[in-house]
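Colleague: One structure, as structure tokens, below. Some questions next.
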Amino acid sequence: MSLQLKLPDGSVRSYEDGATGLDVAASIGAGLARAAVAVTLDGETLDLNRPIDRDGALSVVTENTEEGRHVLRHSAAHVMAQAVLDLYPGATYAIGPPITDGFYYDFDIGRPFTPEDLDRIEARMQEIIEIDQSFVRESLSIDDALELFADHPFKSEIIRGVDEAEGAGATEVSIYRNDSFVDLCRGPHVSSTGRLKAVKLMRSAGAYWRGDEKNPQLQRIYGTAWEDRKALRKYLNRLEEAEKRDHRKLGTELDLYSFPSDLGSGLAVWHPKGGLLRKEIEDYSRRTHLANGYEYVVSPHVAKAELWETSGHLQFYAESMYPAMELDGGQKYYVKPMNCPFHILIYKSRSRSYRELPLRFFELGTVYRYERSGVVHGLLRARGFTQDDSHIFTTFEQMPNELQNLLDFVLMVLRDFGFDEFEAELSTRNPEKSIGSDELWDVAEASLAKALEKAELPYQMAHGEGSFYGPKIDIHVKDAIGRRWQLSTIQLDFAQPENFGLTYTSSENVRERPVMIHRALLGSIERFVAVLVEHYAGAFPAWLSPVQATIVPVADRHQDYAFEVAAELKEAGVRVEVDDADETVGEKIRRAITQKHPAILVVGDSDVEDRTVGLRLREDDAEQRGIPLDEAVAGLAERNAPPR
RNA sequence: GCCGGGUUAGCUCAGCUGGCAGAGCAUCUCUCUUGUAAAGAGAAGGUCAUCGGUUCGAAUCCGAUACCCGGCUCCA
């Protein structure tokens, strides 16, 4: 009997019975065999040294692919657990999966790991790697496995979980041994520890068993593993680059905003430069909404408890709300965590006709949410923030078209801010807990999906992840260094129109219930600014730059002319600064560059005489001399114009 | 909220086992009058986060509080 394996290039090759993945890889090429860490057979990943027991489509997983690194990292996690169990008798281990860019393992050791512990563990791991122990797979019955892991309660719990989840069919689990270390594991693994060429432990942290804070807290160690030292170094450089772009750091360096501790956790103040950046974003937002059929509304920051009872927030959302203020003889008021009830009240302020729908109320609404103290994170997760929030009230029939237009609008806005890679997530009904008719949900989900397809937006389904009151789309952008950020959200709501008894009069003169769409495009201005700062590393497009041009007089005698140039630029709408400090030209240029100003104008003797400027643009990194002032002003004014 | 780490000048950070609080940059003053990434000199700047404790003596040790940072969502 021979084995028929179909390779990715479409060819079918025959192999001896009992051939392993490594044999197949070697038959294709020695280089491939060296780089191989596993194979996939009809989608199932197998160890390289596992005999292939059936015909199928086979491909070789190499170590420099995401899938291959997954295998490396999984094996590295085992080696780390082995090192910890070696070094700390009495420690017990929980789970250790590969994750994006690395791996972790959770331990119960009775105390936290210190940085010195990590050094020791990493050193021990190196020893294990150098010994080059083989990973050996075995299958065990559930009962045998329970016996083997009798001293390790977390493992036992997992085994019992496998037993229940897979029902009568699954009576076996697999384990992997290397030397005396044994771990419950589905695999696959590299053939031996020597394959781990670039492993580094990153940090330790507390983590709850199965992520649930009611469970005991374990000690987690995060590490990373790559196919070679070079790839590891590249990853570490990437982390460094991300750190340089950190919006909290750049916010201080560029004097945009700060988080005074006297204010309280999660609350920011915006300095003049940050204020300007923010104003540009807000102006753009108002402008484009007004140009796209939205009506601008304004609502207060507090409202009576009854409003939040009607909306259901006090019932479902109370722990994220700032506590009540009591006044007027016991009347309770809450600071708003959301803007929707106010827009609903505007809708309800008079009777509505089908002729006015869809109604689109837009507001830059500032809300306050009591985020748990451990999760606030600069502007990305704050306790007070302003949403570019809108609520659209539409008939059921109009909904598909409205969603289509909305999605186009979202993408236009995100593109205007310099994002061009998007990904969406469509969250659908959870039948266990949701309100509204099947028809409502089906049409809504189909409309969302159709809108995504028409906009040619790649999307993933998040089945059952919709909230109880409606399905939603979240839109993620990819930034300049490849990170994903969730920004926009479009959320259908079948509950609030019901809660507030919203109606409109149809063409047949009957009362109908509108559908409500919540949506925020930038998300929150705060979070959006944070993402912009990190995306551009502080070097914003000219239209968003707080300072659009710096004028550098060469000597004191050029200052009058410098201010004249500044006045002309200001006249043309350019945000300009004159750096008249008692410093050298080089120093002033350096300051402007460090502050990421998009244009620097140097003026000296010849410029005063000829009414010209020396111009240095951020992207050119070289100066042009003797540009006529009129030309420079017109050029800068044009370059600084917002996208619309 | 929980686990761990942290908070020293506007910023970045030194300050060892308790014994007179420091540097660089920024700021201010003076000199220099400058043509594309840091001119020179001097000065000023601190309740060592806050409150309490231990001690002859606390930035340093202990406790509480506030704030910050890393995690707690990748599932054998």
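Colleague: Do we find that residue A:538 is over 39 Å from the mean Cα position of the chain (by Cα) and either within 30 Å of residue A:382 (Cβ to Cβ) or within 11 Å of RNA strand B (Cβ to nearest atom) (or both) in this structure?
Modeller: It is false that residue A:538 is over 39 Å from the mean Cα position of the chain (by Cα) and either within 30 Å of residue A:382 (Cβ to Cβ) or within 11 Å of RNA strand B (Cβ to nearest atom) (or both).
Colleague: A further question follows. Among the residues of the range A:621-642, what is the count of those that are more than 10 Å from RNA strand B (Cβ to nearest atom), open to solvent by 20 Å² or more (accessible area, probe 1.4 Å) and out of contact with any Phe, Trp or Tyr (no Cβ under 7 Å at 6 or more places or on another chain)?
Modeller: Count: 8.
For every residue, the table says whether it meets (1) under 27 Å from residue A:341 (Cβ atoms); (2) surrounded by 13 or more Cβ atoms within 10 Å (Cβ to Cβ); (3) within 16 Å of RNA strand B (Cβ to nearest atom).
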| site | (1), (2), (3) |
| --- | --- |
| A:240 | no, no, yes |
| A:255 | no, yes, yes |
| A:269 | no, no, yes |
| A:282 | yes, yes, no |
| A:306 | yes, no, no |
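Colleague: Then there is this: Identify the single condition in (1) in a loop (DSSP other than H, G, I, E, B); (2) touching a strand residue (DSSP E or B) at 6+ places or on another chain (Cβ under 8 Å); (3) open to solvent by less than 40 Å² (accessible area, probe 1.4 Å) that residue A:581 does not satisfy, given that it satisfies every other one.
Modeller: Looking at each condition in turn, residue A:581 falls short on (2).
Colleague: If a residue must be within 22 Å of the chain's Cα centre (by Cα) and either open to solvent by less than 60 Å² (accessible area, probe 1.4 Å) or within 14 Å of RNA strand B (Cβ to nearest atom) (or both), how many such residues does the range A:224-238 contain?
Modeller: So the answer is 4.
Colleague: Next up: Out of (1) more than 21 Å from residue A:37 (Cβ to Cβ); (2) near RNA strand B (Cβ under 9 Å from one of its atoms); (3) buried (at least 16 other Cβ atoms within 10 Å of the Cβ), what's the single condition that is false for residue A:152?
Modeller: Looking at each condition in turn, residue A:152 falls short on (2).
Colleague: OK, next. Would you check which residues across the range A:369-397 are in contact with a His (Cβ under 9 Å, 6 or more places away or on another chain), assigned to a strand (DSSP E or B) and either of a type in the set (Gly, Ala, Ser) or modelled with pLDDT under 95 (or both) and list them?
Modeller: Correct list: A:390 only.
Colleague: Tell me the helices (runs of 4 or more DSSP H) entirely within the range A:255-330 that contain at least 3 residues that are among the charged types (D, E, K, R).
Modeller: Of the helices (runs of 4 or more DSSP H) lying wholly inside the range A:255-330, those with at least 3 residues that are among the charged types (D, E, K, R) span A:272-291.
Colleague: Moving on to the next point. For the range A:596-610, name all the residues that are touching an Asp or Glu at 6+ places or on another chain (Cβ under 8 Å) and exposed (fewer than 15 other Cβ atoms within 10 Å of the Cβ).
Modeller: none
Colleague: Also, quick follow-up: So which residues in the range A:168-223 are open to solvent by 60 Å² or more (accessible area, probe 1.4 Å), more than 14 Å from RNA strand B (Cβ to nearest atom) and assigned to a strand (DSSP E or B)?
Modeller: A:200
The values are calculated or read from the model by the stated rules, or taken from the named source; none is laboratory data. Keep in mind it's a predicted model, so treat the numbers as computed, not measured. In this analysis, Cβ positions are derived from the backbone assuming ideal geometry, glycine residues included, and neighbour counts consider all displayed protein chains. All accessible areas refer to the heavy atoms of the entire protein, side chains included, with ligands and DNA or RNA removed. Shrake-Rupley method; radii C 1.70, N 1.55, O 1.52, S 1.80 Å.
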